[in-house]
Number of protein chains: 2
Amino acid sequence: MAVSYYYMLQSVRLSPKTLFISRRDCSGYSHKRRNRHITFASTERSEKGFSVDTKVDTLLDSIKWDDKGLAVAIAQNIDTGAILMQGFANRKALATTLTSRKATFFSRSRSALWTKGETSNNFINVHDVFLDCDRDSIIYLGKPDGPTCHTGSETCYYTPVSDLLKQDKDEGNRLALTSLYALESTIAQRNAELASTENQKPSWTKRLLLDNNLLCSKIREEAGELCQTLENNEDKSQTASEMADVLYHAMVLLAVKDVKIEDVLQIIRQRFSQSGIEEKRSRSSNKSGKD
Amino acid sequence: MAVSYYYMLQSVRLSPKTLFISRRDCSGYSHKRRNRHITFASTERSEKGFSVDTKVDTLLDSIKWDDKGLAVAIAQNIDTGAILMQGFANRKALATTLTSRKATFFSRSRSALWTKGETSNNFINVHDVFLDCDRDSIIYLGKPDGPTCHTGSETCYYTPVSDLLKQDKDEGNRLALTSLYALESTIAQRNAELASTENQKPSWTKRLLLDNNLLCSKIREEAGELCQTLENNEDKSQTASEMADVLYHAMVLLAVKDVKIEDVLQIIRQRFSQSGIEEKRSRSSNKSGKD
């Protein structure tokens, strides 16, 4: 089960004083390992001799700030892809985000810098920052410590226009979920309904939730069918369909075990961002020596 | 293999003349079925007697447009969660998006309405629209017909600040990828490198890519280990870890078969948005009669 692979993407995190580099190009895949950031330089000068401050200034200069000195800043969950919130950044807010690695914005109403979480402690820990092609829009790609919205909601986007128009409601209560998380939400809903629908003929999802033998039998069967699409050289559309079956059934098992797919994706991210040093060590101590 | 489940989330799509309702509350899970939108009303009045136009006006009135009559509008891929682009919407842009179901913005530089794709044909087909808690930020959750960025990039966010600061580059060339897609990208990279690293000791990912028997054996093994965490009542952290193994190995198979995880998630979404009528029919014709 202990396996590893190398040459991952690499990312750099930078502060005026310290250059953090997370090496994904030598990452490993093994349980019980943790994501680490390696300090490559505790100096204001990088290995190429450029001042880190100068580089940050050059970067800040390259952004097309609007007539109020602002650019749109969108915070996105690095594991789920959920858009957590949107605010605005000015030079200082972006510079602070790069330094502190906590998503920081400029409040237009209060005319002040604010770091998400400074009151609630629900910080958004920024792993990387992306600019758009026009250099006037920013993504803070990060991991939230808790619910982002001041209402306690996971994200600020919980008001679907479709519900407002159909139900004539003033407020919505359904998060903007992409396909994988809509599936997870639906399975969770079926799970919550189990007690109240005891005498009704259960749906397939409910049958799986109630019968561990059936569920495990289906997961093994679907995994086998996914493999058969490769072994029997079946059409790629069949592979996609079988993978959907594997995902669905495996996610029912996650619901039974009360595991979030976000936690699974976090594990994947952490395995892929292991440092080269750890990876080398793990390989030298790997029994098979084949990884 | 043919299974079904009901009571999915529901969403409504609305135009001044036609109310489209996609019923997820009775959706089905079966191959060879397609996502359908049912026309519930071809009138300007909904079943509750409210004028659709009035409802849209009330909605538009509830949005906190800024001093220029604009709100931030973010287009997000409904399957992958990728932030495709960000623009601004005014009343007319949002109303047009609701009517046409094509992401439409207000261009500040040209002072004109524009629908993404009107020149390139790469429209963003909007499935639902979400508002944030402050009602001044909008998500267009939809499916793009092709690359969103005018540069031909899948999204406009391909410039990581970390790369700019580290490599002293003017432009980036790495998309803002969340964990699942970063994994997919890495596997694709290993796949592309296979030919050039023939004489090197291959990484685990490369070994899997080169050996179908090994890959299928691992997928079956990992699926079994995932099931065992349920069967043996193992800790939930072990379930998450085994699910990460299943996902990783299955995604290597997808790479071998040239299947994108986005296509798999689209299948899941389409299975979950089947109409109640179709679902009922499929159940009555289902051989097992158990779904």
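State all residues of segment A:130-162 that are free of Cβ contacts under 8 Å to residues at least 60 places away in the same chain and either small (Gly, Ala, Ser) or over 18 Å from B:GLN76 (Cβ atoms) (or both); if no residue qualifies, say none.
If the condition is that a residue be free of Cβ contacts under 8 Å to residues at least 60 places away in the same chain and either small (Gly, Ala, Ser) or over 18 Å from B:GLN76 (Cβ atoms) (or both), then A:ASP145, A:GLY146, A:PRO147, A:HIS150, A:THR151, A:GLY152, A:SER153, A:SER162 are the ones that fit.
Rundown of residues vs (1) in contact with a helix residue (DSSP H, G or I) (Cβ under 6 Å, 6 or more places away or on another chain); (2) not in a helix (DSSP H, G or I), yes/no style:
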| residue | (1), (2) |
| --- | --- |
| A:ASP66 | no, yes |
| A:ASP79 | yes, yes |
| A:GLN86 | no, yes |
| A:LYS92 | no, no |
| A:THR97 | no, no |
| A:PHE105 | yes, yes |
| A:THR119 | no, yes |
| A:VAL126 | yes, yes |
| A:ILE138 | no, yes |
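Are there any pairs with C-beta distances below 8 angstrom linking a residue in segment A:253-268 that is at the interface with chain B (Cβ under 7 Å from one of its Cβ atoms) and farther than 12 Å from A:SER185 by Cα to a residue that is among the hydroxyl-bearing types (Ser, Thr, Tyr) and not in a helix (DSSP H, G or I), with the two at least 6 apart or on different chains, and if so which?
What qualifies is A:LEU265/A:THR80; A:LEU265/B:THR178.
Collect the residues in segment A:128-154 that are touching a Leu at 6+ places or on another chain (Cβ under 9 Å) and open to solvent by less than 10 Å² (accessible area, probe 1.4 Å), keeping them in residue-number order.
If the condition is that a residue be touching a Leu at 6+ places or on another chain (Cβ under 9 Å) and open to solvent by less than 10 Å² (accessible area, probe 1.4 Å), then A:VAL129, A:PHE130, A:LEU131, A:SER137, A:ILE138, A:ILE139, A:TYR140, A:LEU141, A:GLY142, A:THR148, A:CYS149 are the ones that fit.
Conditions tested, residue by residue: (1) among the β-branched types (Val, Ile, Thr); (2) more than 30 Å from B:SER62 (Cβ to Cβ); (3) more than 8 Å from chain B (Cβ to nearest Cβ).
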| site | (1), (2), (3) |
| --- | --- |
| A:SER153 | no, no, no |
| A:LEU183 | no, yes, no |
| A:THR186 | yes, no, no |
| A:ASN232 | no, yes, yes |
| A:ASP235 | no, yes, yes |
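Which one of A:ASP128, A:ASP136, A:ASP132 is touching an Asp or Glu at 6+ places or on another chain (Cβ under 8 Å), within 10 Å of another protein chain (Cβ to nearest Cβ) and under 27 Å from B:GLY172 (Cα atoms)?
A:ASP136
So which helices (runs of 4 or more DSSP H) stay within segment A:163-236 end to end and still have 1 or more residues that are touching a residue at least 40 places away in the same chain (Cβ under 8 Å) and small (Gly, Ala, Ser)?
The helices (runs of 4 or more DSSP H) meeting that bar are A:179-193.
Report yes if some residue within segment A:198-218 is among the acidic types (Asp, Glu), modelled with pLDDT of 95 or more and either touching a Pro at 6+ places or on another chain (Cβ under 8 Å) or within 25 Å of B:THR186 (Cβ to Cβ) (or both); otherwise report no.
no
Please go through segment A:156-170 and give me each residue that is surrounded by fewer than 18 Cβ atoms within 10 Å (Cβ to Cβ) and either in contact with a strand residue (DSSP E or B) (Cβ under 7 Å, 6 or more places away or on another chain) or at pLDDT 95 or above (or both), ordered by number.
Hits for segment A:156-170: nothing passes.
Which one is farthest from B:GLN270 (Cα to Cα), of the residues in segment A:237-252 that are facing chain B (nearest Cβ under 7 Å) and of a type in the set (Gly, Ala, Ser)?
Once the filter is applied, the top-ranked residue is A:ALA250.
Considering each residue of segment B:107-117, count those that are outside any loop (DSSP other than H, G, I, E, B) and either at pLDDT below 95 or on the phi > 0 side of the Ramachandran plot (or both), and give that number.
The qualifying residues number 0.
Just give me the residues in segment B:245-273 being of a type in the set (Asp, Glu) and open to solvent by 20 Å² or more (accessible area, probe 1.4 Å), in sequence order.
Selection gives B:ASP258, B:GLU262, B:ASP263.
Considering only segment A:105-127, state which residues are farther than 18 Å from A:ASP66 by Cβ and surrounded by 14 or more Cβ atoms within 10 Å (Cβ to Cβ).
A:TRP114, A:THR115, A:LYS116, A:GLY117, A:SER120, A:ASN122, A:PHE123, A:ILE124, A:ASN125, A:VAL126, A:HIS127, listed by residue number.
Kindly list the number of the only condition in (1) part of a loop (DSSP other than H, G, I, E, B); (2) in contact with a strand residue (DSSP E or B) (Cβ under 9 Å, 6 or more places away or on another chain) that fails for A:SER153.
(2)
For the condition under 25 Å from A:GLU242 (Cα atoms) and either at pLDDT 50 or above or facing another protein chain (nearest Cβ under 10 Å) (or both), what is the one hit in B:ASN90, B:ASN77?
B:ASN77
Applying the selection to segment A:163-197, what residues are closer than 23 Å to A:ILE74 by Cβ and touching an Asp or Glu at 6+ places or on another chain (Cβ under 7 Å)?
A:GLY172, A:ARG174, A:LEU175, A:THR178, A:SER179
The values are calculated or read from the model by the stated rules, or taken from the named source; none is laboratory data. Fair warning: this is a prediction, and the values are worked out from it, not measured in the lab. Because the Cβ atoms are built from the backbone with ideal geometry, glycine has one as well, and the counts that use them run over all protein chains shown. Quick note on the areas: whole protein, heavy atoms, side chains included, nothing else; ligands and nucleic acids left out. Shrake-Rupley method; radii C 1.70, N 1.55, O 1.52, S 1.80 Å.
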